[in-house]
1. Every residue in the range 309-350 that is open to solvent by less than 40 Å² (accessible area, probe 1.4 Å) and of a type outside the set (A, V, I, L, M), please.
2. Among the residues of the range 78-94, how many are out of contact with any helix residue (DSSP H, G or I) (no Cβ under 7 Å at 6 or more places or on another chain) and assigned to a loop (DSSP other than H, G, I, E, B)?
3. What are the residues in the range 245-295 that are within 12 Å of the ligand (Cβ to nearest atom), surrounded by 20 or more Cβ atoms within 10 Å (Cβ to Cβ) and either under 18 Å from the mean Cα position of the chain (by Cα) or of a type in the set (S, T, N, Q) (or both), if any?
4. If you scan the range 124-157, which residues turn out to be of a type in the set (D, E, K, R) and within 12 Å of the ligand (Cβ to nearest atom)?
5. What residue, of 241, 211, 177, 184, is in a loop (DSSP other than H, G, I, E, B) and more than 11 Å from the ligand (Cβ to nearest atom)?
6. For the range 151-181, how many residues are crowded, with 24+ Cβ neighbours inside 10 Å, closer than 21 Å to residue 334 by Cβ, in contact (Cβ under 8 Å) with a residue 60 or more places away in the chain and among the hydrophobic types (A, V, I, L, M, F, W, C)?
7. Restricting to the range 72-104, and then to whatever is open to solvent by 10 Å² or more (accessible area, probe 1.4 Å) and within 16 Å of the chain's Cα centre (by Cα), can you tell me which residue is modelled with the highest pLDDT?
8. In the range 27-60, which residues are under 26 Å from the mean Cα position of the chain (by Cα), part of a helix (DSSP H, G or I) and aliphatic (A, V, I, L, M)?
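The values are calculated or read from the model by the stated rules, or taken from the named source; none is laboratory data. These numbers were taken from a predicted model, which means no experiment stands behind them. Because the Cβ atoms are built from the backbone with ideal geometry, glycine has one as well, and the counts that use them run over all protein chains shown. Note: accessible area is taken over every heavy atom of the protein model, side chains too, but ligands, DNA and RNA are not part of it. Shrake-Rupley method; radii C 1.70, N 1.55, O 1.52, S 1.80 Å.
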Amino acid sequence: MRVGVLTGGGDCPGLNAVIRAVTKSLIHHGRCEVLGILDGFEGLMGEAPRAVPLDWERVSGILHVGGTMLGTSNSANPLRDAATLAQVARNVQALALDVVVAIGGDGTMSLAHGVAEATGLQCVGVPKTIDNDIAHCERSFGFDTAVATATEALRRIESTANSHHRVMIVETMGRHAGWLALEAGLAGAADVILLPEIDHDVQAVAAHCRAREARQRYSIICIGEGAKARGAGETVREQVAGSPDPVRLGGVGHVLRLQLQPLLNSEVRTTVLGHVQRGGEPTPFDRVLATRFGHHAAELVLARRFGEMVTLSGARISSVAMACVANVQRTVPPDHELVTMARDIGVCLGNAP
Ligand code: F6P
């Protein structure tokens, strides 16, 4: 079997670990040739395909390396029009691919599913995102690393907030899901955690910080980039024309600073963590999870269980139809145990109790 591997969407710690595991598992099996497609679906959209053979040596020594050795793109859209789809089909034929392992988020799953329907190219999916927002997958690799990075940032911010008696806002990634803000906020002992799923009341946040001004004299606010003040929309950083997912969020931490400053005595500052959360080496947990995902994707390929995406449920690796995952997002239920617990231990969630 000739198997293509591609990474699509934003990068994420652990992608190389998946590429390594899927390649080694397929080669170990003995009847597969593996090709790495460059820059996600973009590598199949040009006049000629862009791909490199993946062998044992080529994927050795990359387990711990951040980013993706294959490159990625979060603006390539193979479903853009009929001509692009026809070109993708020709390139798949030129590479003589039997199946593509698509490693990506809900957007990549949706593109892979669409390409499969339109061209007949078989696909197997592997979920990746630091946002942990892929439907039917309790934990995607990359999330643990991003939580660790954001947590460390929160702890560092705390010492300077404490010294200057400031209110420090730390904005995390996460798009429309607050998993990253929630777990990093809890692990980093934030005083206020604001999630996209729970619209916040600026007055309630200010009241919490004022109460702390009288005691600890500093506060840490962890806010997910998709969070919204009650009655307001999301803060959009930019629209990327032609991208399958054109809206890029960012900047809500600055908006909140301007809203809070007139209501507080302390100085308010904002730090946007940005791509620091996506880069760098995966944690040991993510290295192992990514390896399990890659290994299971190879098993799905060998069993010809096409159209399925690897999932994690509890401690168990399993799979689900890609169609169920495409363009669906797994958000934080407002009554999630971690949300309730946060409230019970005195964290302000931005709304009146
Ligand atoms: O989906 C992962 C993610 O990191 C989001 O949390 C964030 O909104 C987005 O990617 C940013 O992507 P980029 O800056 O690469 O356009």
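1. Within the range 309-350, 311, 318, 319, 348, 350 meet the criteria.
2. 2
3. Once the filter is applied, which keeps residues that are within 12 Å of the ligand (Cβ to nearest atom), surrounded by 20 or more Cβ atoms within 10 Å (Cβ to Cβ) and either under 18 Å from the mean Cα position of the chain (by Cα) or of a type in the set (S, T, N, Q) (or both), the range 245-295 yields 249, 273, 277, 278.
4. Matches in the range 124-157: 128, 131, 133.
5. Values: 211 fails: in a loop (DSSP other than H, G, I, E, B); 177 fails: more than 11 Å from the ligand (Cβ to nearest atom); 184 fails: in a loop (DSSP other than H, G, I, E, B).
241 is the lone residue from the list that is in a loop (DSSP other than H, G, I, E, B) and more than 11 Å from the ligand (Cβ to nearest atom).
6. 3
7. Among those residues, the one meeting the criterion is 72.
8. Listed by number, the list holds a single entry, 44.
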